[in-house]
Each structure stands twice: as structure tokens, then as C-alpha cells.
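Taking it in order: structure first as C-alpha cells, then the write-up.
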Amino acid sequence: MRRPLELYIHIPFCERKCLYCDFLSMPAGAGLRSRYAEALAGEIRRKAKSCGGYEVSAVFVGGGTPSCLEAEQMAKILEAVREGFFIREDAEVTIECNPGTLTEEKLACYQRLGANRLSIGLQSAKDGELRRLGRIHTFRQFLGNYRLARELGFGNINVDLMFALPGQGIADWEETLGKVLELKPEHISAYSLIVEEGTPFYEAYGEDDRKRARGEKPEFLPEEETECGMYALAREMLEKEGYRRYEISNYAKPGFECRHNIGYWRRASYLGLGLGSASLMENIRFSNTSDLGAYLGGGYADLEKVLESPECAGAVRLDKKEQMEEFMFLGLRMADGVLAEAFRAEFGVGLEEVYGAAVRKFARQKLLAQAEGRVFLTEKGVAVSNYVFAGFLLEA
Amino acid sequence: MSGIDQSKIRNFCIIAHIDHGKSTLADRIIEKTGLLTSREMQDQVLDNMDLERERGITIKAQAVRIIYKAKDGEEYIFNLIDTPGHVDFNYEVSRSLAACDGAILVVDAAQGIEAQTLANVYLALDHDLDVFPVINKIDLPSADPERVVSEIEDIIGIEAQDAPRISAKTGLNVEDVLEQIVKKVPAPGGSADHPLQALIFDSLYDSYKGVIAFCRIMEGTVKVGTTIRMMATGAVADVVEVGYFGAGQFIPCDGLSAGMVGYITASLKNVRDTQVGDTVTDADNPCSEPLPGYKKVNPMVFCGMYPADGAKYPDLRDALEKLQLNDAALQFEPETSVALGFGFRCGFLGLLHLEIIQERLEREYNLDLVTTAPGVIYKVHKTNGEVLELTNPSNMPDPSEIDYMEEPVVNAEIMVTSEFIGPIMDLCQERRGTYVSMEYMEETRALIKYILPLNEIIYDFFDALKSRSRGYASFDYEMRGYARSELVKLDILINREEVDALSFIVHAGTAYERGRKMCEKLKEEIPRHLFEIPIQAAIGSKIIARETVKAMRKDVLAKCYGGDITRKRKLLEKQKEGKKRMRQIGNVEIPQKAFMSVLKLDDK
């Protein structure tokens, strides 16, 4: 029997970098994109050879903006996947897109290549906010692309949203949520804006963000209270429309939870392909180079070597302690939390034995709750999840 | 014995205000006399410790013997004794001076006389040393040697017309200094045949040789095998080795006799047995009385020192014991704090001494320390007639048991140019100073005298002085005694729990201000918790200031992209690592640096 595996395929290109973005992505000319697609297809074929024992249950093409590639470039990549890997019949295949880059030709091509899910980065339904974020599109362009995808028969669409934007009020957020709900996407991700170091936003709002973190009133960013209110509003509005919050920031209609995402939180094996992508296989973590030149020259992780002797290949084999920590701090992101039975099945020791004290402490603080053999974050715990997760790191 | 002609020995030291070029001149003298070639010279040969070189101050006394062939054709033996350069080590300075027969006074040709210059000159004159001046840094564009010459004559009253005008940095005219040493420093007195009488002016501990006592032989002779006795401590031991000081090394010889400077090692294991200022004599043929001037050095400034990692307590104890081998003035005893765990209450000569010890513990012994606010010894007169010497605020009795309290005060001398007299007097006033006098040393400079409470000058007085005079004021002080004072214990409550390590004793009149600043500072340092944390300053049961750390509402990690869990883990680990450096008080976690940050409450 083949073991399950997920694939993450990274496309590090976009039309223009958004002002808040610290992901590995950059604008690139047509020539470079084409060379990259070539190199990526090569990497896929090469790595697939070491994956004979796996069957792929989910593919996620992310970025950057994968939809900025030409249709035939995407075809080259996904065909290499189909040829090299054993793909399950019912596999979830997602392509991340940016409004304004989708065409009928591309969407038809994605469909032909087996893509059955689109993840569209809308972020906001208000053009003023989109401009301030440095997005390349308007809400109208999004609507056009969304309707087109529906017409062509895409029955599983995610819309990415962001809140706690500079200058955003709770009514603005409500408006965005309302407009998106009218479209009835199957899945919605709603992340609060994080001001990341090294981005233009950090220059502009870094000081404001630190101020807010100290509990003072920020000048541009919404106050903490407002941000908490926005989170609560999203949950309330989406649940009313039949979405379930299955992870801290992810909502889905029943049966449309993103399998690929869940894979990350449940520590499924996944293989990263493309520039800078990260992998976890057989409890070994490894990454591809982030240097585009090196990558194009074939300088990506050698999977065979990694699996044989990770230490020599620059990979990290997670020890038991690290595995348990990740089991907890990733698993607790899920609304269902972690299952005590699953912990025992994986590690041969009881959750209570390893984490009893931490669980009791957070339960006393009403940050964690327990029911039916599960441990999960409470509403209060979700708001300070970072603090809770840090408590599940074990002493060396 | 060695056949050294006593009339050809010159024992001298160099005195100067900090930065006037004392160590540089010492280097040039050593270089010019050919003891070391300039290639072998490392800058400032006599300052051995990294810390001394870095800070440009001398902490331990050092000595070196050099041979100088003078213009009269004779060879002279110079013993140059380098004295510590800070008021904290005043007693050590006085003992080093007592080992000399003359002193070179180095004055900066641009800056002229400063407060320390005066203090040092008076100290030297008190020891009957022949002082002759040298004007240094004449290569500076702002040098005005003639003005400085008249300043020296007017203010100190010593002849300065023929003072060598030199640049110790370039070596210009340093020969003149050497010739003047021969002419102006008298040859030592004493007789090799009298009973042994030697002054200990410093000592150090060496793991091979044991205690090495630096001595000036006043009378008599000491040789290997002599049974010696320390007249104050009573320690008796057989001499294992005697010798003199080469450049950075000990050179053994047969014996040392009257007029000579050198070292003695005996079977002694602790520098406490060889106290600075004590008299060494021959146990079998003792001298009739010890040399004058010995006193036991007592610490004046106290603070708690705790290892940041509680498990390092034994390491801290070992390190303190090792430092104490070399530093008889360092005191410590175990103490426990609810907030900080096991540590030591340590006593120091002054704040510089404290800082030096702290730095050495951190650097040489790799210890991470948490230090409590430094304090002085208060005398608590209780209603039952008992007098308590208080070094730890936690031990302060209940106010109802206290009749009155006293605090140590100092005589302070501040030299400042006239434009800053106002700000400096304001500062002294704010620090509860009592004005004594002011005299103009010359048209533009004045010497201001104040009586100041010691606890007002131990944290940041020097910094405040410098900032309010744009660096021009110089400062010196000596202990005066105790004075009655209105003192209270200020407690800090975090989430309504008293934090013992943050308590301190303060004058009633400044308690409100200090309390308010402490609360503000702590608010910045204490991270937000899940609940609101009040920070209060209190005198007894009365709250005098309050700040609040707001409850943390949100702490969520960013979107995890492309399965890059490693980055997430790093963020969490950083958060956890931060927690490790926290102290738990009740259910509040306080970063260790919060305990230190309250030591530096900005003064304007």
C-alpha cells in the first residue's frame, strides 16, 4: 500500500510585490518565467523518482502568483506531476490565483490539467484598501474572474481575505465580508495583517505595530480591541452563513475544508517543489535553496540523499521531542484540536504524561478546553494562541 | 648583598587627574630607559587587566624597576609605582604614595588643574613627598602651558617655572622628566641594619606563588627564609621568594633592603593576610612599632548579586571567592530574595569598584547576573536603644520600632568653570547637598564644596555632573561621617505583591518622585500578561504611585506559508527563551532586566 503524500509547488513570481508581502516572490520577465517552469518540471521529474512508494492526495500550486504563468508553462509543470507521481483519483488540486491575471484560456487549461480548486487572493472588497495594500487589482476585476471560474464549472473556490488593515474600521470589514458572502465561495481564509520586517509596511507601520503590542493606542492600525472585534465579526457572519471555522483563520462549508492545509496542521508528509519550498517527509524537514540562480542550475535538495542520510544533506530529522511539540502547536490550530488517542498512537505515550501540567495550566486560564478525548483552544485561547503554543515547547 | 647604592635609588609615582596622561608617561619612561623596546611595548604596560586598558583607569597598584643612565654618568634605579586613579581606591592610593619619596604631577596643558589633581597633590604633600610638576600634551592645539604653570603656582603653591613641557604621546622632552627624577626625588632613607620594617602597598594572588605582597622596605633587610610577621593581621610565615618588578614579570633576587621596592612571597594563601597598609617585620627581630596609616578598609556601597540562572549559584560563590583572593576590600555574604532566589549581598569601596567586580564576574567567569539597587550602610536607631547597621533594605525594622536613622555623608569638592556654577549647585541642591563654600581658583574656575549624602552620589551623580557641565566639571569626595536623616523604605508591589529585590531606602522628600519613576520604568519592562497588572510604589501601607500594564488581548502567529514550520518554531522558541529569563513573582513574570533598569532612572 502506498503512503499518502501532499505536494506544494512554489511559483515565486508576481506582477508586483504587495507592500505587506514577505513571501519569496518577485516580478520577473517572460524569459525567466519560462526557464523557471522548465527547471521546476525537471525537479518534479527528478524527485518523483524517489516517491514510488507514495500516492498524492493533494497538490497546491502557491506563490507568488501562480496564475501569472502562461497556460502552457502551468501545463508543463502539472503534466510533469501527473507523469511522475501516482495521483489519487479524488486528489485535491488547488491553484492559487490573483484577480486580474485569470483568463478563460488559463482556467480551461487548469481544468484540463485536473485542477479542481481555486484559491483567489482578494484580501478586500474595497478598492481604497486594495490600493493601500499595493494590490494590482480592483474588486470589479475579482468579480469578473470569480464569475468566469464559476461559469467554467469550478465548484470549489477559496477567497483569501485580510483584516486589521491600516485605516480599516469595523464597518469596512463588515462590508468586505458581506460582499464576499453574497458570492457563496466554498472556503474563506481570513487572516489579520501581520506587519513583517523587511516590507515597506514595516517601514510605515512597524513603530505603530510595536506601540499597539505594548497596549498603547496606534495611529494607523486598528486598535487591539477593534482587531479582536473584527475577528469575532468574521466568525459570527460566516458561521451564520453555514461556514465552520475549522482552523484559527480558515472557514469552510461542510466537506470543503482544504485538505492540503489540514495536512500541514496534522503533520502529513508533504513535498515542496520549486524555489525555497519546504518539505516534511518521514519526520525529516528540508528546504530547497532560496537562491534563484542556484535553483535554475539544478541546485535543489536531493531527495534521495535527504531520505537516506538527512544529516549529510542539510536536512533535519525531527527527534521525538520536536515531533511532539509540533503535533501540539500545529494540531491545536485546528478547531477540533488534538486527539489524545492520536497522540498515544503516534508516540506510544499518553498526552497527559507529557503535557498534563501545561494542559491543566491553560485550562485553568480558560485558554484550552477538553471534551471527548480532545484538547482544543477556547475562543479566548484562539486570541492568544501564540502564547499557548509556546507553552507546549518542551525543555531540552 | 646586591651591593646597590641606596643613594642611587629613586622611588616615585605619577599623579594626575584622569585622562591627563599618567599611564602614557609611565609607558614613555619605561621605553626611554630601554627596559622594553618600543616594539615590545604594548600601550600602557602597567595596566594589566583588559578592563583597565579599556576604561583607561588603573585599578590595582603596579610597580616596575628601571635602570636609568643619567647625564652625570651614573646609573640610577627607578622604582615607578603606579597608583590607582579613582576615589573608590583612595586608601590604596595613599598607601602607594607612602611607598614613594617623590611624585611627578602630570597636568594637562589644555585643561589645567582638576578636582582630582588637587586631591592627589594634597594627598602626596600629606605624605611628605617632593612633588614636581610636568606639563603634558603640549602638542595639542589648545595647549596653554604658561597659563597652566601659573595655575599650578597660584593654586597649589609649588614651583613650576622649570616644569618640563612634554608630550608623553610623542615622547617630546621626556628625557627632561628623567633628569628631574634624579635631581628632585630624594634618595630613600633607612638603614639595612635596622630591624625589618616594610610597607605593603598592594598584594595579589597567584595560583603558583600564592600571595605576593608588594612592599617598600623602610628599614632593615628581608631575605628568603626570614620569618616575617604582619603587624596588623598577625599572620606569620617564612619568606619563600623575594624580588623586584621587571616589566610585567617578577624577577627574584637574594634580598631586599632599606629603600628598595619589591615583592615578597611567603606561604600565605589569602590576600586577607597581607592587607594593604600593614607593616611586615622580622618575627625574630621585630621593629618597635608599625608604620603609621594602616586602616582596615570597609566597604561603603552594597548591593545584592544573583545569578540569572539559579543553578549557577555555586559558580557565583566560587567566582567571588577567587576575586576576593585578590581584592581584600570585596565582601560578600549569602542572602536570599523571594524574587531572585539565592545570591549574595556584596560590599564594595564605591560604585566603580562594584561595576568592576560585576564586569569581571560576567566577563572572566561568564556569569549572567541580576543586581539590585546599590545602597549604603544606614544606621537605624531603634526605640529600644539598639543601633542596627542596615545594608539590605529588606531588613529595615517596622517604622514603629525606629527612633531615628542616620546615613553616611561625604565632603565633596567640585571644580567647575564659572558658567556651570549655577547648574552644578542646582544639582547638589537636588541631591540634598549642604553648601559649604565656594572659592575662585582663578577668574573663570571655582572650587565648590558641598556635604552630600553618599546614597545620592552612588548611582548616577557623576553622569549628571558631566551632562550638566558639558563634561567640564571634575569631582572628588571623602567620607565625612554620619548624619541624621528622614529616610523611608520604598516598596514596589507588582500585582499587589511586594517584590523584595526592588525595595530601597530613600529620603522621604524624594520618595514620591522616585516611586513614580520606578513605576513608569517597570511598566515599560514588564511584558503584557493575560490579565491587567498594577505596579505600585508604597511607603508602608500607603500607595504613592501607580501604573498599569494592560492585559494582552491578542497574540497570534502569521499565516504559515508553504509549510515553512521552521520559521514558526523559531518564533515560538524565541518567545519561550524570553520566558526563561523571567522571574516569577506571584503569577507575574518579570524580565531580569527590569530589576536592573530601575537602577538607571534618568535624571533629566
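None of the figures in this text is laboratory data; all of them are computed from the coordinates on show. Predicted, not measured: the structure shown is a model, and the values here were computed from it. Ideal geometry is used to build each Cβ from the backbone, glycine not excepted, and the neighbour counts take in all protein chains shown.
What the phi angles of segment A:339-346 give under the Karplus curve with 6.51, -1.76 and 1.60, with θ = phi - 60°, is a coupling list of 9, 4, 4, 5, 4, 5, 4, 7 Hz, glycine and proline written as x. Helical runs (DSSP H, four residues minimum) scored at -39500 (n - 2.57) apiece and divided by the length of chain B put the mean residue ellipticity at 222 nm at -7000 deg cm²/dmol. Per-residue Cβ neighbour counts within 10 Å put B:I18, B:I544 in the sequence B:I18, B:I544, beginning with the fewest. Packing-based ranking of A:190-198, B:161-169, B:130-138 yields B:130-138, B:161-169, A:190-198, ordered from highest to lowest mean Cβ neighbour count within 10 Å. Computed from backbone phi, the HN-Hα couplings of segment B:218-225 come to 8, 9, x, 9, 10, 9, 4, x Hz, rounded to whole numbers (Karplus: 6.51 cos²θ - 1.76 cosθ + 1.60, θ = phi - 60°; Gly and Pro given as x). Residues A:S279, B:S96 in ascending order of nearby Cβ atoms (within 10 Å, fewest first): A:S279, B:S96. Is the C-alpha gyration tensor of chain B telling us rounded, prolate or oblate? Criteria: a/c under 1.5 is rounded; beyond that, a/b larger than b/c is prolate, otherwise oblate. Because a/c hits 1.5 or more and a/b exceeds b/c, chain B counts as prolate.
Each Lys and Arg Cβ is given +1 and each Asp and Glu Cβ -1; about its Cα centre, segment A:67-209 then shows a dipole of about 580 debye. Look at the dipole of segment A:233-347 built from charges on Cβ: of A:L296, A:G242, A:N283, the Cα furthest out on the positive end belongs to A:G242.
A straight chain from A:E70 to A:L307 at 0.36 nm per residue would run longer than the Cα-Cα distance by 82.0 nm. Mean partner shielding of peptide B:569-580, defined as the number of other chain Cβ atoms within 10 Å of each residue Cβ, is 4.
What the Kirkwood sum gives for chain A is a hydrodynamic radius of 22.3 Å, with every pair of different alpha carbons counted.
For segment B:367-526, the convex hull spanned by the alpha carbon atoms encloses 148 Å³ per residue.
Put simply, the amide H of B:Y263, placed in the peptide plane, has neighbours under 5 Å in B:C215, B:G243, B:Y244, leaving out anything fewer than 5 places away on its chain.
For chain A, the mean residue ellipticity at 222 nm estimated from helices alone is -13000 deg cm²/dmol, where every DSSP H run of n ≥ 4 contributes -39500 (n - 2.57) and the total is divided by all residues, rounded to the nearest 500. Per-residue shielding of B:524-533, expressed as the average number of other chain Cβ atoms within 10 Å of the residue Cβ, stands at 2. Using a cut-off of 30 Å between Cα atoms, the listed pairs B:K542/B:K593; B:K312/B:K576; B:K269/B:K379 include B:K269/B:K379 as exceeding that distance.
A convex hull fitted around the alpha carbon atoms of the protein assembly as shown yields 230 Å³ per residue. What is segment B:357-427 by shape, rounded, prolate or oblate, if you read a ≥ b ≥ c off the alpha carbon gyration tensor as root eigenvalues and call it rounded for a/c under 1.5, prolate for a/b larger than b/c, and oblate otherwise? It is oblate, given that a/c is not under 1.5 and a/b is not larger than b/c. Using the Karplus relation 6.51 cos²θ - 1.76 cosθ + 1.60 with θ = phi - 60°, the per-residue 3J(HN,Hα) values for segment A:64-74 come to x, 10, x, 6, 7, 6, 5, 4, 5, 5, 4 Hz, with x marking Gly and Pro. With only Cα atoms counted, segment A:320-390 has Rg and Dmax values of 11.0, 31 Å.
For the pair segment B:335-350 / segment B:436-479, the C-alpha centres are spaced 31 Å from each other. For A:L161, the amide hydrogen comes within under 5 Å of the amide hydrogens of A:Q123, A:S189, A:A190, A:Y191, counting only partners 5 or more places away or on other chains and with H modelled in the peptide plane.
Fewest neighbouring Cβ atoms within 10 Å first, the residues B:M231, A:M1 line up as A:M1, B:M231.
Taking the centroid of alpha carbons for each part, segment A:29-102 and segment B:168-243 are 85 Å apart. For segment B:432-491, the set of GluC sites (Glu not before Pro) satisfying both a DSSP loop assignment and a count of at most 14 other C-beta atoms within 10 Å is given as B:E443, B:E486. What shape does segment A:1-110 take by its C-alpha gyration tensor, where a ≥ b ≥ c are the square roots of the eigenvalues and a/c under 1.5 counts as rounded, a/b above b/c as prolate, and the rest as oblate? Taking the square roots of the gyration eigenvalues as a ≥ b ≥ c, segment A:1-110 is prolate.
Under 5 Å between amide hydrogens, built in the peptide plane, is the criterion, and for B:S191 it picks out B:G220 among residues at least 5 positions away or on other chains. For segment B:218-327, the C-alpha radius of gyration divided by 2.2 N^0.38 Å, with N the number of residues, is 1.34.
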